[in-house]
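Visitor: Structure in structure tokens, see below.
The values are calculated or read from the model by the stated rules, or taken from the named source; none is laboratory data. Remember, it's a predicted structure, so these values are computed and weren't measured experimentally. Methodologically, a virtual Cβ is constructed for each residue, glycine included, from the backbone with ideal geometry; neighbour enumeration extends over all protein chains shown.
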């Protein structure tokens, strides 16, 4: 009996030692970040192994050839991002679903404006969504509320799609933690100005609705992304339409990119 038990134990040990490692089945839905669904990928790897996805291997046109972001589910936890056309992360245990976001190139957006050309702490979100804002005028200046709401609505719409909502702006009655003011002020005697806590327009310099709208969009965009004058002369030149003052398609692509790649979300 003793001999039989020893053999059984030895056989069991050999079985455990030779048991194959568990695999991770990873599913990826690939999206153009502002245009929508592109294709699907699936990879089966060993748990703990490195997983690499290259944009060139996906074979998709109309996207930036360098920038790629991976998040859990449709827009869940940040997994990895890259500006080299290839991204690598460690395979988790079990069956997982991810989304691969590739950046839209059809509007000619230069994504270097919000990362390569920016400093280490620029081109990232100042606050975690929802972005809380309240109305605040400074220096006894006054102006119409409609243009402020128009600017906020356009920025909000640039973040909401049928497949994911990247972020949102939420109006509050008064200042709270992680919030910023929006309104009219001296703005250092410039068209507009912002700090990390306030974005504003000088109504004495911005006389038309179009000028006010473009400047509010510019200053709020710069505040929440920690960027300044990425259009050369000013950010409005790059992200707004000169005829209407509206947020343009390049501005929508750049804004959504900052949210998609931000690790705080």
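Visitor: Do you know which residues across the range 136-171 are over 20 Å from residue 201 (Cα atoms) and assigned to a helix (DSSP H, G or I)?
Guide: Listed by number, the list holds a single entry, 157.
Visitor: While we're on this one: Only one of these is more than 28 Å from residue 162 (Cβ to Cβ) and either in a strand (DSSP E or B) or touching a residue at least 12 places away in the same chain (Cβ under 8 Å) (or both): 265, 230. Name it.
Guide: 230
Visitor: Filter the range 69-115 for residues that are part of a loop (DSSP other than H, G, I, E, B) and within 13 Å of residue 254 (Cα to Cα); which is modelled with the lowest pLDDT?
Guide: This residue is 115.
Visitor: Considering only the range 97-123, state which residues are touching a helix residue (DSSP H, G or I) at 6+ places or on another chain (Cβ under 7 Å) and surrounded by 17 or more Cβ atoms within 10 Å (Cβ to Cβ).
Guide: 101, 102, 103, 104, 109, 111, 113, 114, 123 - these are the residues of the range 97-123 that are touching a helix residue (DSSP H, G or I) at 6+ places or on another chain (Cβ under 7 Å) and surrounded by 17 or more Cβ atoms within 10 Å (Cβ to Cβ).
Visitor: Among the listed residues 239, 230, which satisfies the condition of being in contact with a strand residue (DSSP E or B) (Cβ under 7 Å, 6 or more places away or on another chain), modelled with pLDDT of 95 or more and under 29 Å from residue 177 (Cβ atoms)?
Guide: The conditions single out 239.
Visitor: Right, something else. Taking the condition outside any helix (DSSP H, G or I), within 19 Å of residue 165 (Cα to Cα) and at pLDDT 95 or above, does residue 53 pass?
Guide: No: the conditions fail for residue 53.
Visitor: Related question: Please enumerate the residues belonging to the range 199-224 that are surrounded by fewer than 21 Cβ atoms within 10 Å (Cβ to Cβ) and more than 20 Å from residue 248 (Cβ to Cβ).
Guide: Hits for the range 199-224 are 203, 204, 205, 207.
Visitor: For the range 233-247, enumerate the residues that are surrounded by 23 or more Cβ atoms within 10 Å (Cβ to Cβ) and without any contact (Cβ under 8 Å) to a residue 24 or more places away in the chain.
Guide: 235, 236, 239
Visitor: Right, another one. From the list 61, 73, which one is loosely packed, with under 15 Cβ neighbours inside 10 Å, without any contact (Cβ under 8 Å) to a residue 24 or more places away in the chain and over 13 Å from residue 24 (Cβ atoms)?
Guide: Among 61, 73, only 61 is loosely packed, with under 15 Cβ neighbours inside 10 Å, without any contact (Cβ under 8 Å) to a residue 24 or more places away in the chain and over 13 Å from residue 24 (Cβ atoms).
Visitor: When residue 154 is evaluated against the numbered criteria (1) over 15 Å from residue 245 (Cα atoms); (2) in contact with a strand residue (DSSP E or B) (Cβ under 7 Å, 6 or more places away or on another chain), which criterion, by number, is the only one it fails?
Guide: Every condition holds for residue 154 apart from (1).
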